[in-house]
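Data block below; observations after.
Where a number appears in this text, it was derived from the coordinates with a stated rule and is not lab data. Note that the coordinates shown come from a computational prediction; the quantities given were computed from them, not determined experimentally. Cβ placement follows ideal geometry from the backbone for every residue including glycine, while neighbour counts extend to all protein chains displayed.
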Amino acid sequence: MSFSFQHSDFPDDFLFGTATSAYQIEGHGFGGAGRTHWDDFAATPGNVVRAEHGQRACDHYHRYPQDLDLVRDAGFDAYRFSLSWARVMPDGRTPNPEGLDFYDRLTDAMLERGLKPCATLYHWELPSPLADLGGWRNRDIADWFADYTHTIMSRLGDRMYSVAPINEPWCVAWLSHFLGHHAPGLRDIRAAARAMHHVLLSHGRAIQVMRDLGLTNLGSVFNLEWATPADDSPAAQAAAARYDAIYNHWFLSGVFKGHYPAQALDGLEPHLPANWQDDFTTIQSPLDWCGLNYYTRKCIAPDPSPWPALREVDGPLPKTQMGWEIYPEGLYNFLTSTAKTYTGDLPLLITENGMASAESPISGGVHDPERIAFLDAHLAQVLRAMRDGVPVQGYFVWSLLDNYEWALGYEKRFGLVHVDFETLERQPKSSYLALTELLNR
């Protein structure tokens, strides 16, 4: 199975890449890395499937040359990776020479292979000592994050192609502090509201620090889910609009408009920190690009529970191994609506897109035609948006490797490359081979 379009259908400067994150692949049990709130969350019974954790993960810490060879050999232009705060600063405040040296080596290895390093400063692995001080609930985290940004980007910034401060602020704040599905595992509306604000304040402070260091090509990365009412009732439409406001518009509006949507403030404003409106000058620090992570849509129904009074219901479309509906049109919808409402001529990148599927090695390889079809359908929507004038400049597949899928442990496989978590052997899947054929011809 192959793709339905040619590499030449995209502009010559269109960026094709793949993405990973530090805690999911590196292995956090060596190299001087400190404890994270994910280690604590995974050690709590019932939080993670089989109590699995990231102490070894894919052992990318030791195997990164092999993994970067895979990125290069596929024909990708860029590699989007994240830096572990707890590896750089095990206590959240004090630099770790081993961690800094590792990211030096990793960066140089990318450049040696002709890959553009696209860094994310934070992909969810908060140092436990900072979690003990309140983590994202504590306003001081903006200063802690600024200090971390200065430490790591003073070392690496001159070699970065692009940098984004925080991956998926909705996951950092709402999923982790209101729904409780990710570390720190809270279900507290006040904690969620404060985290939702402080994550954006920290983003803005990091951008300011990097500007002062002379860095350019700085952006933000938002995860978006298209919200569809479960039926035609006014109640379902109102619930879907509220979900959309919390999930999608809160963070985009804060960064690009300097205010939060009324449908989200309706429940969250009483719980926000004092004088929160004064922070938008920092939150709105100018950006060079905007990244969108897109996987699925959600069907939303009203619910008699307290605010936000909504629930997700099963939709009719085909689903991935995660149980997520496959809805490529949602990517087109977000590219066009984000450009129209928030970003204008600012370059847009799809910083994550991919699917989990349950394939296993068989004689002749690892076959994942569903993933090829998924990527093909979504890239078709990217081309459609570009034909309609949306300034899309890149696309990153999630993920290079099967990895630690957070609370779902190691059973959900998003990789272009199969990983045997016993032997750590890497085996390219048919999707990797199809992309290699596409990108190298």
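Only four residue types carry charge here, +1 at the Cβ of Lys and Arg and -1 at the Cβ of Asp and Glu. Report the dipole size of region 1-65 about the Cα centre in Debye, rounded to the nearest 20.
Around 360 debye, computed over region 1-65.
Just to check I understand the Karplus step: with θ = phi - 60° and J = 6.51 cos²θ - 1.76 cosθ + 1.60, what whole-Hz values come out for region 20-35, glycine and proline as x?
Running phi through 6.51 cos²θ - 1.76 cosθ + 1.60 with θ = phi - 60° gives 8, 9, 4, 5, 6, 10, 5, x, 9, x, 7, x, x, 5, x, 6 Hz.
Relative contact order of region 7-440, please, whole-number percent, based on alpha carbon pairs below 8 angstrom and at least 6 residues apart.
17
I'd like the FRET efficiency for Glu269 and Lys340, computed as 1/(1 + (r/R0)^6) with the beta carbon distance as r and R0 of 30 Å, rounded to 0.05.
Computed FRET efficiency for Glu269 and Lys340: 0.65.
Exposed loop GluC sites (Glu not before Pro) only (DSSP loop, at most 16 other Cβ atoms within 10 Å): please give the longest stretch of the chain free of them, not including the sites.
Value returned for the longest uninterrupted segment is 1-410.
Grab the other residues whose beta carbon is less than 14 angstrom from that of Gly34, score K and R as +1, D and E as -1, and report the net.
Summing Lys/Arg as +1 and Asp/Glu as -1 gives -4.
What lysines does Lys340 reach when the alpha-carbon gap must be under 27 Å and sequence neighbours fewer than 8 apart in one chain are set aside?
Qualifying lysines at Cα under 27 Å: Lys257, Lys298.
Antiparallel as a % of all DSSP beta bridges within the chain, to the nearest 5?
Bridges in the chain are about 20 percent antiparallel.
Determine the sum of side-chain charges near Met160: Lys and Arg each +1, Asp and Glu each -1, restricted to other residues whose C-beta is under 13 angstrom from that of Met160.
Value of the local net charge: 0.
Under 5 Å between amide hydrogens, which residues at least 5 positions from Gly354 or on another chain qualify, with H placed 1.01 Å from N in the peptide plane?
Trp398
Decide, for region 302-414, between rounded, prolate and oblate: order the square roots of the alpha carbon gyration tensor eigenvalues as a ≥ b ≥ c, take rounded if a/c falls under 1.5, and otherwise choose prolate if a/b is larger than b/c, else oblate.
In terms of gyration-tensor shape, oblate.
For Ser360 and Asp73 in the same chain, what is the full-extension length gain: residue separation times 0.36 nm, less their Cα-Cα distance, in nm?
Full extension from Ser360 to Asp73 adds 101.1 nm.
Neighbour counts of other C-beta atoms within 10 Å: give me Asp212, Asp67 arranged from fewest to most.
The order, fewest Cβ neighbours first, is Asp212, Asp67.
With springs connecting C-alpha atoms under 10 Å apart, model the chain as a Gaussian network and identify which of Pro11, Pro302, Pro273 has the largest mean-square fluctuation.
Ranking Pro11, Pro302, Pro273 by mean-square fluctuation puts Pro11 first.
When only alpha-carbon atoms count, how far does region 186-262 stretch along each of its three principal axes, as whole angstroms with the largest first?
Principal-axis extents of the Cα atoms in region 186-262, largest first: 52, 27, 20 Å.
Show the residues, 5+ positions off or on another chain, whose built amide H is closer than 5 Å to the amide H of Leu310.
Asp303
In a GNM of the chain with a 10 Å cut-off on Cα contacts, which of Asp266, Asp147, Asp279 has the highest mean-square fluctuation?
Of Asp266, Asp147, Asp279, the most mobile in the Gaussian network model is Asp266.
Apply the Karplus curve 6.51 cos²θ - 1.76 cosθ + 1.60, θ = phi - 60°, to the phi angles in region 69-80 and return the couplings in whole Hz, x for Gly and Pro.
Here the 3J(HN,Hα) series is 4, 5, 4, 4, 5, 6, x, 5, 8, 9, 10, 8 Hz.
To the nearest Å, what is the center-to-center distance of region 264-298 and region 132-205, using C-alpha atoms only?
So the two Cα centres are separated by 12 Å.
Can you list the HN-Hα couplings for region 9-19, worked out from phi with the Karplus curve (6.51, -1.76, 1.60; θ = phi - 60°), rounded to whole Hz and with x for Gly and Pro?
The phi angles translate into 5, 9, x, 4, 9, 5, 8, 10, x, 10, 9 Hz.
Once amide H atoms are placed 1.01 Å from N in the peptide plane, what residues at a sequence separation of 5 or more from Leu15, or on another chain, have their amide H within under 5 Å of its amide H?
For Leu15, the qualifying residues are Gly394, Tyr395.
Among Ala183, Ala240, Ala309, determine the one that fluctuates most according to a GNM of the chain built with springs between C-alpha atoms less than 10 Å apart.
Of Ala183, Ala240, Ala309, the Gaussian network model singles out Ala309 as fluctuating most.
What FRET efficiency, computed as 1/(1 + (r/R0)^6) with R0 = 56 Å and r the Cβ-Cβ distance, is obtained for His367 and Asp278, rounded to the nearest 0.05?
Working from the Cβ atoms, E equals 0.50.
Is the shape of the chain best called rounded, prolate or oblate, per the rule: a/c under 1.5 gives rounded, else a/b larger than b/c gives prolate, else oblate, with a ≥ b ≥ c the square roots of the Cα gyration tensor eigenvalues?
The shape class here is rounded.
For region 211-358, what does the alpha-carbon gyration tensor say about shape, rounded, prolate or oblate, given a ≥ b ≥ c as the root eigenvalues, a/c under 1.5 as rounded, and a/b over b/c as prolate?
Verdict is oblate for region 211-358.
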